[in-house]
1. Can you give the extra length, in nm with one decimal, that the chain gains between Arg88 and Arg109 once fully stretched, where that is 0.36 nm per residue apart less the Cα-Cα distance?
2. So if I place +1 on the C-beta of Lys and Arg and -1 on the C-beta of Asp and Glu, and nothing else carries charge, what would the dipole magnitude of the chain be about its Cα centre? I want it in debye, nearest 20.
3. Could you list His91, His41 so that the one with the fewest beta carbons within 10 Å of its beta carbon is first and the one with the most is last?
4. Can you classify the chain as rounded, prolate or oblate using the Cα gyration tensor, where a ≥ b ≥ c are the square roots of its eigenvalues, rounded means a/c under 1.5, and otherwise it's prolate if a/b beats b/c and oblate if not?
5. Going toward the positive end of the dipole of the chain, with +1 on Lys and Arg Cβ and -1 on Asp and Glu Cβ, which of Ile26, Ala100, Thr36 do you reach last?
6. What is the gain in length, in nm to one decimal, between Val98 and Lys11 on full extension, counting 0.36 nm per residue of separation less the C-alpha to C-alpha distance?
7. Does segment 24-89 classify as rounded, prolate or oblate by the C-alpha gyration tensor (a ≥ b ≥ c root eigenvalues; a/c under 1.5 gives rounded; else a/b over b/c gives prolate, otherwise oblate)?
8. In a GNM of the chain with a 10 Å cut-off on Cα contacts, which of Ala92, Ala17, Ala59 has the highest mean-square fluctuation?
Amino acid sequence: MTMKKTAIRSKALTDAAMGQECTLQISGVCCFNPETVVFAHFPSATHGMVYKSDDFWGADACMNCHDVMDGRVSYDFEPGEREEYMLRAVHATLARRVRAGLIEIKGQRV
């Protein structure tokens, strides 16, 4: 069992979501409105729904996609589909933060 540790917090990482394109883009749900995009935290091994995950574990999400991922609005995901959306969105969001210089990888080439 993984012990909970203090979450990594970065206002710069979460604020960077504002005005961005939604990286979830859930079919039939996404509003494609950058004005509604915020950073949506996803559950992780050390943090869950009540205690937010680290500020790098999530995605830039419009209000509609965020509501679905947080369970405020129901959506009939196929088995594994929710996780596929999450992983694709985390990858796109992390790449966006690296390219913006908010996350640095030693020896990176962009």
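1. That works out to 5.5 nm of additional length.
2. Approximately 620 debye in magnitude.
3. In order of increasing Cβ crowding within 10 Å: His91, His41.
4. Oblate shape, in that a/c is at least 1.5 and b/c is the bigger or equal ratio.
5. Ala100
6. So the extension gain works out to 29.8 nm.
7. Taking the square roots of the gyration eigenvalues as a ≥ b ≥ c, segment 24-89 is oblate.
8. Top of the fluctuation ranking is Ala92.
Laboratory data are not the source of any read-out in this text; all were calculated from the coordinates shown. Everything quoted here is computed from the prediction, not taken from an experiment. Note: ideal-geometry Cβ built from the backbone for every residue, glycine included; neighbour counts use all protein chains shown.
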